[in-house]
Amino acid sequence: MGHKIARKLIPYSVLLVEALVFFRHVLFYGGYVIPWDLRTYHLPQLELVARAFRAGELPLWDPYTYCGTPLYANITTQLFYPPTLVTVWLSNLAGGDNLLYFLEWQIALHVFLAGAFAFLMLRRLGLAQLPALFGATVFELGGYFASQTQHLGAVNAAAWIPLAWLAAVELGRSFSWRRTAMLAASLSMTLLAGFPAVTFVAAVSTVLVGVAVSSWKSIVPCCLAGAWSLLLSAVQVLPTAELSRLSVAKYRGDWLGTGGGIPLQSLVSLVSPNHYGIFDLKT
């Protein structure tokens, strides 16, 4: 029995080691940090959260941005995202001076989590252990997570997508409340992770995966799980919606004229990255 359990844990151990090796400089070497948004945007917000918890207060208000803003309503703060709350708690437990380092560990472990969920999904789709491990490795060490490392919410939210896909595939085969709850929880985690663009991708891709792998009958339970996920994350969604309604950000689409987005012609770059000469600084 112990030998069988050890064999089952080998792929997850490999995925964990891969993630730790990828982030070895910031985790194990001195003098390295994840720069840009993690250090200059996410860290200051979570320092406010950590400081409030140390003072025995609820982190409701950011007095430093503009003339003050409701911190809890800013979805990118991740105030209601459980792994971030654990990270802040552990940082405070360790003295509160190394929150950035703890956030770097959180990112690395979410990359591993993405690989583990991808491995589970691929195995459920019928792949043997080695091909599933290869696919999970490609997912966790691929271009998305490597390029989005500085964006805490983007990494955290995307880690749950393979679990949502797995739940959709299972629901397409046979309905159960347990599978519906798993899908609702995974979509809710993408919302609470604070990067709505990834949540949108997660929701749409989950329906597409469910239809492609299973059948159209997966759409109804997927929609049910989506509504359930909104209820689970309402503690964050409702204040954020209210803040957005009262913010000048609601006029962003008007300022852009077209409502945002990118022209369809840009999709050519997915096949031919330098088709428009974007790597030539003159253009």
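See the values below:
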{"item": "Cross-chain or 6+ apart pairs with Cβ under 7 Å, the stretch 5-29 first and touching a residue at least 60 places away in the same chain (Cβ under 8 Å), then open to solvent by 40 Å² or more (accessible area, probe 1.4 Å) and of a type in the set (Ser, Thr, Tyr)", "result": "Val26/Tyr32"}
{"item": "The stretch 134-163 residues that are farther than 15 Å from Pro35 by Cα, paired with ones that are of a type in the set (Asp, Glu) and in a helix (DSSP H, G or I) (beta carbon under 9 Å, 6 or more apart)", "result": "Thr137/Glu18; Glu140/Glu18; Leu141/Glu18; Ala159/Glu140"}
{"item": "Any hit, the stretch 71-91, residues being out of contact with any helix residue (DSSP H, G or I) (no Cβ under 7 Å at 6 or more places or on another chain), in a helix (DSSP H, G or I), open to solvent by 70 Å² or more (accessible area, probe 1.4 Å) and modelled with pLDDT of 95 or more", "result": "yes"}
{"item": "Number of the condition not met by Thr149 [criteria: (1) within 17 Å of Pro83 (Cα to Cα); (2) in a helix (DSSP H, G or I)]", "result": "(2)"}
{"item": "Any hit, the stretch 152-161, residues being more than 17 Å from Ser229 (Cβ to Cβ) and open to solvent by 40 Å² or more (accessible area, probe 1.4 Å)", "result": "no"}
{"item": "Lone qualifier among Ser244, Ser272 - being among the polar types (S, T, N, Q) and in a helix (DSSP H, G or I)", "result": "Ser244"}
{"item": "Within the stretch 130-139, tally of residues that are under 12 Å from Val14 (Cα atoms) and open to solvent by 20 Å² or more (accessible area, probe 1.4 Å)", "result": "4"}
{"item": "Residue under evaluation Cys222, criteria (1) over 18 Å from the mean Cα position of the chain (by Cα); (2) closer than 30 Å to Ala116 by Cβ; (3) surrounded by fewer than 18 Cβ atoms within 10 Å (Cβ to Cβ), criterion not met", "result": "(3)"}
{"item": "Near pairs, Cβ below 7 angstrom, 6+ apart or cross-chain, from the stretch 73-89 (among the basic types (Lys, Arg)) to any residue that is surrounded by fewer than 21 Cβ atoms within 10 Å (Cβ to Cβ) and in a loop (DSSP other than H, G, I, E, B)", "result": "none"}
{"item": "Options Ser233, Ser229: the member that is open to solvent by less than 10 Å² (accessible area, probe 1.4 Å), over 25 Å from Arg173 (Cα atoms) and modelled with pLDDT of 95 or more", "result": "Ser233"}
{"item": "Some residue of the stretch 30-48 being acidic (Asp, Glu) and either assigned to a helix (DSSP H, G or I) or open to solvent by 90 Å² or more (accessible area, probe 1.4 Å) (or both)", "result": "yes"}
{"item": "Which numbered condition Arg245 fails, given (1) within 25 Å of Tyr66 (Cβ to Cβ); (2) open to solvent by less than 40 Å² (accessible area, probe 1.4 Å); (3) at pLDDT 85 or above", "result": "(2)"}
{"item": "Residues within the stretch 35-56 that are touching an Asp or Glu at 6+ places or on another chain (Cβ under 9 Å), closer than 15 Å to Gln106 by Cβ and not hydrophobic (A, V, I, L, M, F, W, C), tallied", "result": "1"}
{"item": "The listed residue being part of a helix (DSSP H, G or I) and in contact with a Lys or Arg (Cβ under 6 Å, 6 or more places away or on another chain), out of Ala132, Ala157", "result": "Ala132"}
{"item": "Unique match (being open to solvent by 50 Å² or more (accessible area, probe 1.4 Å) and among the β-branched types (Val, Ile, Thr)) among Val207, Val211, Val201", "result": "Val201"}
{"item": "Criterion: buried (at least 22 other Cβ atoms within 10 Å of the Cβ) and small (Gly, Ala, Ser) - qualifying residue of Gly115, Gly126, Gly142", "result": "Gly115"}
{"item": "Positions within the stretch 162-183 being surrounded by fewer than 24 Cβ atoms within 10 Å (Cβ to Cβ) and within 19 Å of His110 (Cα to Cα), in sequence order", "result": "Met182"}
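The values are calculated or read from the model by the stated rules, or taken from the named source; none is laboratory data. All of these numbers come straight from a predicted model, not from anything done at the bench. In this analysis, Cβ positions are derived from the backbone assuming ideal geometry, glycine residues included, and neighbour counts consider all displayed protein chains. We work out accessible area using only protein heavy atoms, side chains counted, and drop any ligands, DNA or RNA first. Shrake-Rupley method; radii C 1.70, N 1.55, O 1.52, S 1.80 Å.
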